[in-house]
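Following: one structure in structure tokens, then a few remarks.
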Amino acid sequence: MYIKELALTNYRNYEKTTVAFENKVNVILGENAQGKTNIMESIFVLSMAKSHRTSNDKELIKWENEFAKISGVVEKERGPVTLDLIISTKGKKAKYNYIEQQKLSQYIGAMNTVMFAPEDLNLVKGSPQVRRRFIDMEIGQVSPVYMHDLSKYQKVLQHRNQYLKQLQTRKQSDLSLLDILTAQLTEVAARILKKRFEFLQLLQKWAEPIHFGISRGLENLRIEYKNSIDVSEDADLSKMIEAYHEKFDKIKSREIDRGVTLIGPHRDDLLFYVNEKDVQTFGSQGQQRTTALSLKLAEIELINQEIGEYPILLLDDVLSELDDFRQSHLLNTIQGKVQTFVTTTSIEGIHHETLDKAATFEVEAGVIQKIK
């Protein structure tokens, strides 16, 4: 799939613009703070209905405007689709081929993207929250059911935490409601856990050989899911529900004392091992970057395997962060099969035939134009 046309209205520093892209590498040049990353972000937002840079949607709306609109024409295997996302102070409206979607979870997945930005290099050494977000965003693109379960989990979790806080402060004393909330949480938690296990098995399958190649055959990557209950990835759903119930029973008094839910998918993490050493703790910066790059390239193959089409790749100011060998490996991997967007202040010093043949655009003060 590839995005053929992008139209922005009142988005960040763009008042009104329409730009046509090509089904190959599209390089977006410009000085800092001119709007390069805003173009990249708008494609990601059109895909995921949320930004990778901010959780406050109001920041996406141009100053002193009521709404922002992103539209795109996306060419897919079965023909073109038109996507529209309107962001206002009242919320978001998403349209697929001009038909408004009742839920965002029905819309997400219509266009698939993989974003690789400098902050993604923190995937390995950053907080567990960064890694959980990575898992959730990627599964969500290929599984609307997962997005629905995740949304439901967050609502029940919030309700349960509020009730635990009331029990902690003795504003409530009825434990039967806590048991009901726990039962609701365990059921959806088990579904999320099962899907994460399945996803990580696929991610391991693709990331391991990619990492082996980038490390010139010197390193083996292993991904481990660190969860809060004692079950294997082969356990069935009923076993997972049972394990959650047992654990919640054991820690009930501790949770009431603390006033918060102590276990569940919102507390889980990913661990990465290179040659059986924990990369986060013992890996060099080079090993951490190789691991992050391997995961991103694995995502591309995984999405293709799941939906039968390659996603769109967004490389936001990341090439300059990689050394020559990793740059070349990345560009060789995507060559000829993935529509790719690259933002950079300059491509001087980056010599590769993929970039030599790229369509090139220049951005200045919220205006984008094709120069090659």
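Tabulated results
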{"quantity": "Looking only at region 2-20, and only at residues there that are of a type in the set (Lys, Arg) and either more than 24 Å from the chain's Cα centre (by Cα) or under 14 Å from residue 39 (Cβ atoms) (or both), the one that is most open to solvent (accessible area, probe 1.4 Å)", "calculated": "16"}
{"quantity": "Selection status of residue 185, part of a helix (DSSP H, G or I) and either in contact (Cβ under 8 Å) with a residue 40 or more places away in the chain or more than 28 Å from residue 142 (Cα to Cα) (or both)", "calculated": "yes"}
{"quantity": "Strands (runs of 3 or more DSSP E) (entirely within region 264-372) containing at least 3 residues that are more than 25 Å from the chain's Cα centre (by Cα)", "calculated": "359-364, 367-370"}
{"quantity": "Residue 263 being over 28 Å from residue 293 (Cα atoms), surrounded by fewer than 17 Cβ atoms within 10 Å (Cβ to Cβ) and of a type in the set (Val, Ile, Thr)", "calculated": "no"}
{"quantity": "Which listed residue is over 21 Å from residue 130 (Cβ atoms), buried (at least 17 other Cβ atoms within 10 Å of the Cβ) and under 26 Å from the mean Cα position of the chain (by Cα), from 232, 228, 215", "calculated": "215"}
{"quantity": "Filtered residue count, region 182-214, keeping only those that are among the hydrophobic types (A, V, I, L, M, F, W, C) and closer than 12 Å to residue 264 by Cβ", "calculated": "6"}
{"quantity": "Given (1) closer than 21 Å to residue 39 by Cα; (2) open to solvent by less than 10 Å² (accessible area, probe 1.4 Å), number of the condition residue 135 does not satisfy", "calculated": "(1)"}
{"quantity": "From the options 124, 142, residue that is over 28 Å from residue 106 (Cα atoms), under 17 Å from the mean Cα position of the chain (by Cα) and either modelled with pLDDT under 90 or open to solvent by less than 20 Å² (accessible area, probe 1.4 Å) (or both)", "calculated": "124"}
{"quantity": "Condition check for residue 104: out of contact with any Asp or Glu (no Cβ under 8 Å at 6 or more places or on another chain) and modelled with pLDDT under 95", "calculated": "yes"}
{"quantity": "Residues of region 201-235 satisfying the condition of being in contact with a helix residue (DSSP H, G or I) (Cβ under 8 Å, 6 or more places away or on another chain), part of a loop (DSSP other than H, G, I, E, B) and of a type outside the set (Val, Ile, Thr)", "calculated": "215, 219, 220, 227, 228, 230, 233, 235"}
{"quantity": "Per-region count, region 244-263, residues closer than 25 Å to residue 197 by Cβ and either part of a helix (DSSP H, G or I) or in contact with a strand residue (DSSP E or B) (Cβ under 8 Å, 6 or more places away or on another chain) (or both)", "calculated": "9"}
{"quantity": "Residues of region 148-174 classified as outside any helix (DSSP H, G or I) and acidic (Asp, Glu), total", "calculated": "1"}
{"quantity": "Unique residue being closer than 30 Å to residue 357 by Cβ and surrounded by fewer than 19 Cβ atoms within 10 Å (Cβ to Cβ) when the list is 299, 309", "calculated": "309"}
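Residue by residue, here is whether (1) open to solvent by 40 Å² or more (accessible area, probe 1.4 Å); (2) among the basic types (Lys, Arg); (3) closer than 20 Å to residue 338 by Cα; (4) touching a helix residue (DSSP H, G or I) at 6+ places or on another chain (Cβ under 7 Å) holds:
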position	(1), (2), (3), (4)
53	yes, yes, no, yes
81	no, no, yes, no
96	yes, no, no, yes
99	yes, no, no, no
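Every residue, every condition in (1) outside any loop (DSSP other than H, G, I, E, B); (2) under 26 Å from residue 327 (Cβ atoms), yes or no:
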{"site": "109", "(1), (2)": "no, no"}
{"site": "120", "(1), (2)": "yes, yes"}
{"site": "124", "(1), (2)": "no, yes"}
{"site": "134", "(1), (2)": "yes, yes"}
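The values are calculated or read from the model by the stated rules, or taken from the named source; none is laboratory data. None of the values given here were measured: they were computed from a predicted structure. All Cβ positions, even for glycine, are placed from backbone atoms using ideal geometry, and neighbour counts span all protein chains on display. Surface areas here come from the heavy atoms of the whole protein model, side chains and all, with no ligands, DNA or RNA. Shrake-Rupley method; radii C 1.70, N 1.55, O 1.52, S 1.80 Å.
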